[in-house]
Structures are given as C-alpha cells and as structure tokens.
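Working notes, structure below.
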Amino acid sequence: MKGRPRPGKNGTSSSKPGKRTRLAPKDPRLRTGYRGFCPLTSQQGELLGGGGLVERRPFEELDPASFFEQFVLERRPLVIRTGGAPAALEALFGLRGEAARWASPGHEGTAAMCLGPAGKCQVEVERRARTSQFFGQQDAGTREITTLGHFCKEIDQGNELAYLTTQALPEDARGCPKALAPPHVQSLLDGAETLRPKLVSGLAPVQYNLWFGRSQEGSSSGLHHDFHDNIYVLLRGRKEFRLFSPRCLDILRPVGVARGRAKLHPNGLITYIPGVRSDGAPVSLARAWSGEKKGAPNCSDEEEAELDQLLTDAMDAGVDDGHGPNESKESPLPDSFCHVSTCKEGRAPIPSSLRGRHLTAELTVGDLLYLPASWFHEVISYGGDAGGHLALNLWMAPPRMGSSIDKPYEDGFWDGLYCSLEKAWRRQPQAADQNAPRQDDASRRPKSSRRPRGKARTLWTHRKQLPPRKRSARVRQRRP
Ligand SMILES: O=C(O)CCC(=O)C(=O)O
C-alpha cells in the first residue's frame, strides 16, 4: 500500500514498545476469557509493549508433539520455513512433481492452473474499483462469477483489481458443510497423498482455500479474525501479516461486537451466536451427531424449533451497545471484520493504545504460518509480476484449552465430519466434471422441508456471510 507505515526493525511502526500502559477495558468480559499467548497484555490487562516479529522455525526442526505443545496449545503463532513452494506442498500434502506445477513462479504457474481441469472450474471473485481500496469488504453476494482459467488470464495481463479468496461451500439441510474445498482447490490438490498434514496431528481440517491476486504496491484484505486454526502456505509473491491476539477484542471491536453477543472463549475463539463450543462445534449439531452415533433419537421437533428460534433472535438482535462512533448494526462488513486498519490509507487507524503494537509475520515463498483461531490479522499481499501472489490455506477446528495431542476435542464430532468429507473428496469425479453451480442445498429444498438446525453456518462456511436480513444482493454474472 502506498504510504503505509513500514515496519521498523522489530516489526513496529509507530509504537512505544517499552512503555507500560494500563488498558482501560471497555468490556472486561471480552478480554478476560482468553487463556492463551498474548505478546501485548498481561492477564491483568496491562500493555507490555508489543510489536516485534513472529517466531520462525525450520520445518525439519519441528515434530508434531512439540508443535502441539509449544504453539497449538499455547495459542502462539509461528512461521515455519521450508525450502520453497514445492518443498512446502510436499511437506504438508505429499504433493510433488507435475501435480505441484501450478505453484510454479510466474507465467508457468498460471499456465499450469489454466491448462489443468482446475482451469474450467467456476469461481467467485471480489473486485475493487481502485488499487487503494481494501479487499474483504464486500458482501459475498456482490462477487462476480468467472472461471479459474479466465481469472488466471486476467492476472497474467496485469489486473490488480480482483482477488480470488474463500468460496461458499455447499451445506446439507442441517447446515453441515458437504465439502472440504471448492472444486478448483480440490482439483489443484488432486494427487495429494494426504489432506491432513502430519504436523497438525489430531486437528481436524474444515476448509481449504486459495488466495490469488496481483499487486505491485501491496493490497490489504482488511483487519479481521476467522473462526479456525490456520495453516497458511505462501506459494508466490510476498505477504505481511499484522497480528493482534484475541485478547484485543474489546479494543479492536469487530462489527459483531456492536451487533451483540460476542463471546471470547478460553482458546481465543470469538463467536457471535450462542450455543457454540470453544472448538467451534454448534452444540445442537454435536448433540445430534452423538445421538445418531448412539442410535438415540435426535432433538424433538419442539427442541429443534426452540434452538432455531434462539439463534435467529441472536442474529437478528443487532443490538448496538453504544461503543464507538463507527459501529453500526447496518455496517456492510461481516461480524468478524474491524472498522479500523493498521494501514494509513482506506480506514480509520486502530485505537492509539494498540497502534504500532502488532506482531508481524513476514512470509516469503515456501513459508508456512500457523495462526491460532480468532487472532486478528491484516494481510498485505505483494506480487506485481505475472503469476501475482498465491497462497493456499487450511482451516482447522480449534482445540479445547488444556487438551492433548491425542484428544484435542471433547468428542469425535470434528474427526467424524472430517473423515466423511475426506472420503467424499476421494470418491468424487475430477473437479472439471462437477461444474454445476454451487448452490446451497438449503435453497433447493422444498418449502415444507425442515430449516437448517441453527444458523451456525456463519461459523464454518464463508467468512463474509452477512446476517440473514442483509443477504439480498444479486450475484453479478460475468461471461467467462
Ligand atoms: O491472504 C489474505 O489476503 C488473507 C488471508 C486470510 O485472511 C486467512 O488466511 O484467513
């Protein structure tokens, strides 16, 4: 981004890291719940400095047990160095040779993406009017549909105004995802020996995403948090992640805080609807799953209607708690996005108590970033050459605080879901043959059939979904 603050030697821009300041918590409930690592604050809420760079380790020096103990359980980010994009894809997924050609640098990479079956897959892309605008700010419903092949050509030709990111995945009638990745990502990962990297051991993958764009000056995707642990692999270009721990929730105040009911779980997960466990599983779904497993009956219709109503009320409440002049229940941003930014342009600066105190992860090709669930991040992507910038990431259900590598979750819900989706992936025809529009199954159900149980879909599907009232925007169709 032109004119954005450059990180100093320790990754800070305007911070006074030595200074100890007492934070005035606006809402202590939104800070004290978190039990994980925070480089910035003590448990008592004192600012300790902040800034600096995320720890880096070579991949060969990590084993799953120490990674789990020192980083996953501690909720501590880590940059892991591999020898480059091919080494990273091989280390994580056992993807090698021809199967990994699409991650090659420059034009060779985009050509391989276009030529393969992935090139024919439909994708939804976000577009902006000017290079100074952020990505990640639009309603998912205003994206444009094209094919990956066509998008590769746009990138090759120098388009810096479009970004391919997360895609909405199909869901079953209960709101459970029916796929681990959209067709183009499945196709690119065709040939992977495993979809669950050894390094993450028992953590259950929930969604794989591709991040593909082009920018000479650096483009920001907006300060936000997600709902999963993240393993992020940089394959082309360069990226800077600016991070704040979930303990900064009441200062950064993402949109969902004003809409009411934000909850900070001990492992850092931030949720905006009731009835969600700290591993992200909606209690109603986990209950139904355990009932099915034991052969016991599911919730009664009455119980189901009650749960559904509770969740609908929570999402429609939109209660403005009166904090901050920019906060509005009418904000076009999703719950997990902030109105403020670490970049000079485009948005209001973050509150002065946190300004310049972010932790920085600088990624070059072949670097992996482990980011625990709901750590706030603003990602600035660089890649002005043919091939642009390209990354692949894997979202996983966050572990329970105090759990163990053998049993990161309280039950087998996530593992069961992952295993069935992984089986479905392996059984599937080539991605090119599944080019049917990815319409949510729920929208094709007859009117009389049951509504999805709960609205927890916002947690594990598309990070840019808006509350139901606002989901009316048309999807503009662009001819591939
Ligand atoms: O690469 C980006 O632009 C954003 C990545 C991101 O937000 C994520 O991996 O959750």
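The values are calculated or read from the model by the stated rules, or taken from the named source; none is laboratory data. This is a predicted model, so every value here is computed, not measured. Cβ sites come from the backbone with ideal geometry, for glycine too, and all protein chains shown count toward neighbours.
Does Ala373 satisfy being hydrophobic (A, V, I, L, M, F, W, C), farther than 24 Å from Thr131 by Cβ, in a loop (DSSP other than H, G, I, E, B) and modelled with pLDDT of 95 or more?
Yes, satisfied.
Restricting attention to the range 404-415, which residues are part of a loop (DSSP other than H, G, I, E, B) and surrounded by 19 or more Cβ atoms within 10 Å (Cβ to Cβ)?
Pro408, Tyr409
Based on this model, can you work out whether Glu410 counts as over 21 Å from the mean Cα position of the chain (by Cα) and modelled with pLDDT of 95 or more?
So Glu410 passes the test.
Could you check the range 207-239 and list, in sequence order, the residues that are farther than 25 Å from Ala129 by Cβ, near the ligand (Cβ under 9 Å from one of its atoms) and not hydroxyl-bearing (Ser, Thr, Tyr)?
His225, Asp226, His228, Asn230, Leu234
If we only count strands (runs of 3 or more DSSP E) wholly inside the range 94-197, which ones have 3 or more residues that are of a type in the set (Ser, Thr, Tyr), more than 16 Å from the ligand (Cβ to nearest atom) and surrounded by fewer than 19 Cβ atoms within 10 Å (Cβ to Cβ)?
Hits in the range 94-197: none.
Could you go through the range 231-250 and let me know if any residue there is surrounded by fewer than 24 Cβ atoms within 10 Å (Cβ to Cβ) and under 11 Å from Leu30 (Cα atoms).
yes
Could you check, for the range 353-368, whether at least one of its residues is away from the ligand (no atom under 16 Å from the Cβ) and out of contact with any strand residue (DSSP E or B) (no Cβ under 9 Å at 6 or more places or on another chain)?
For the range 353-368, residues away from the ligand (no atom under 16 Å from the Cβ) and out of contact with any strand residue (DSSP E or B) (no Cβ under 9 Å at 6 or more places or on another chain): present.
Take Glu240 and tell me if it is in contact with a Pro (Cβ under 9 Å, 6 or more places away or on another chain) and farther than 25 Å from Gly94 by Cα.
yes
Look through Pro332, Pro297 and report the one residue that is modelled with pLDDT under 80, in a loop (DSSP other than H, G, I, E, B), under 22 Å from the mean Cα position of the chain (by Cα) and away from the ligand (no atom under 16 Å from the Cβ).
On inspection, the qualifying residue turns out to be Pro332.
Just to be sure, is Arg214 at pLDDT 95 or above and either acidic (Asp, Glu) or surrounded by fewer than 23 Cβ atoms within 10 Å (Cβ to Cβ) (or both)?
Here the answer is no, as Arg214 does not meet what is asked.
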